[in-house]
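Encoded as structure tokens, the structure appears first; notes follow it.
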Amino acid sequence: MAMRMGYSHDCDKIRTEDALTTYLDGYLARKLKRDEVRLSSTSKLPLQDYTRYGRQLILSELGLPGQLKLHDASVVVVGAGGLGCPALQYLAAAGVGRIGVIDHDYVELSNLQRQVLHTEARIGMPKALSAAEAIKQINHTVHVHPVVVALTSSNAESLLSGYDLILDCTDNLPARYLLSDVAVRLGRPLVSGAAQQLVGQLCTYHLPLAEGAGRGPCFRCLFPRPPAPDLAGSCAELGILGAVTGVVGTLQAVEAIKLITGTHDGKPTLLMYSALGTPPFRNVTLRARRPTCPACGDEGERVGAISETDYVAFCGGERPDWVSRGLANDSADTRIRAKELDAVLRERANVQLIDVRPAVEFGICHIPGSINVPVKELVANPADYVDSNDPPETYVICRLGNDSQIAVDALRSAGAKGIVKDLVGGLRAWAHDVDQTFPVY
């Protein structure tokens, strides 16, 4: 069913696509004529922009004044990944005049499932440069400033101060706290997005409140203490549906456009999205700014100082390098390398091979003859997998060689005798050292 608008009666009389286009162009011209009466002759767009942005120019909430605000605005997007790519795409398409892109990472094949500005041809290129190239292909009139450096407490303020609005499209807690603190010091709103697995969330921190009533809470107001690094999983560890990052990143662009054009309602909320939820969106009203917040609290009431904060240390240290941990071969008594395990499987019969990955990962690929016992199940009831009468040689495998170490400890604690070892480096090492046709995901 066609959407009925104010000119729907006239559209009923239009039968061809060309005629409809002519009609809309005429409608747009009349609408722009009315808007231009209120603007000086020096406040007009380049002629071709009336056609480029015509479909949003005719929105009563934007009009020509809103488009001119977009043209004069500057936005910096920190992170050109799953969130940053759709946000950048729509900010550029909408006509934001100047866009900064900050990212120190490089394009990899595994990024392309969700980071839609990057291409196979640009694998190995810095993400900031790849995104800038894509933006220029979308809209060559946008001034793009790519920056291929990691954001730190020493450079953040100088890199961000030249922009009206900041978008947090990062994927780690130290960067989120840093961006929030710097946004407060600079007096900028921070449009923050996050996505993982099948869920995402969106929030604008340090939001200018309606009717000039100050600012909304910052990230530190709502989350004064970060979780331990071991509890903050990444997309590589937990997975992510690419379209979820597309939803959240696009909403970040919408939020930015509302702030730039003055159409935001000035009410701080946290929007939560679940791809499998019914309904998929839920909005939570945020509490007021904390007067004692060390970042945005009131003078004389702030508790603590953040001027010299080591953000990585504040968040509990570096995020664990699970690949390196899985490769650590502390003891030949408890661990076995891939080539050694391959020889064992070829030469011996009384061998039990336990794969402790989740069932969904076991279904992707597994070594023939292995059985699947997810690590949570094994740790909960390790005695179920211990044979005290005729103990086989038991070898435990996982993706990277970390959960398998936990499983071996649980089996030994439950009384497992004989050889009980896990695979150093997990199935990734198996693919590298033994079977190059084995899938790596």
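The values are calculated or read from the model by the stated rules, or taken from the named source; none is laboratory data. Only a predicted model underlies this, so the values are computations on that prediction, with no experimental measurement involved. Positions of Cβ are backbone-derived with ideal geometry, glycine not excepted, and every protein chain shown enters the neighbour counts.
Summary of values
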| read-out | value |
| --- | --- |
| Selection count where residues are in contact with a Cys (Cβ under 9 Å, 6 or more places away or on another chain) and surrounded by 23 or more Cβ atoms within 10 Å (Cβ to Cβ), scope the stretch 185-209 | 7 |
| One residue from 317, 304 being more than 22 Å from the chain's Cα centre (by Cα) and on the phi > 0 side of the Ramachandran plot | 304 |
| Pairs, first on the phi > 0 side of the Ramachandran plot in the stretch 89-110, second of a type in the set (S, T, N, Q) and assigned to a loop (DSSP other than H, G, I, E, B), C-beta under 8 Å, six or more apart | 95/139; 95/141 |
| Selected residue [in the same structural domain as residue 310 (by TED's automatic domain parsing), over 23 Å from residue 281 (Cβ atoms) and of a type in the set (Asp, Glu)] from 255, 237 | 237 |
| Boolean, residue 316 is within 30 Å of residue 150 (Cβ to Cβ), of a type in the set (Gly, Ala, Ser), in contact (Cβ under 8 Å) with a residue 60 or more places away in the chain and not in a strand (DSSP E or B) | yes |
| Answer from 193, 162, 233, 246 - the residue that is part of a strand (DSSP E or B) and out of contact with any His (no Cβ under 8 Å at 6 or more places or on another chain) | 193 |
| Qualifying residue in the stretch 331-341 (condition: aliphatic (A, V, I, L, M), within 25 Å of residue 321 (Cα to Cα) and at pLDDT below 95) | yes |
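For (1) closer than 20 Å to residue 205 by Cβ; (2) polar (S, T, N, Q); (3) surrounded by fewer than 20 Cβ atoms within 10 Å (Cβ to Cβ), each residue gets a yes or a no:
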position: 107; (1), (2), (3): no, no, no
position: 110; (1), (2), (3): no, yes, yes
position: 114; (1), (2), (3): no, no, no
position: 127; (1), (2), (3): no, no, no
position: 135; (1), (2), (3): no, no, no
position: 165; (1), (2), (3): yes, no, no
position: 176; (1), (2), (3): yes, no, no
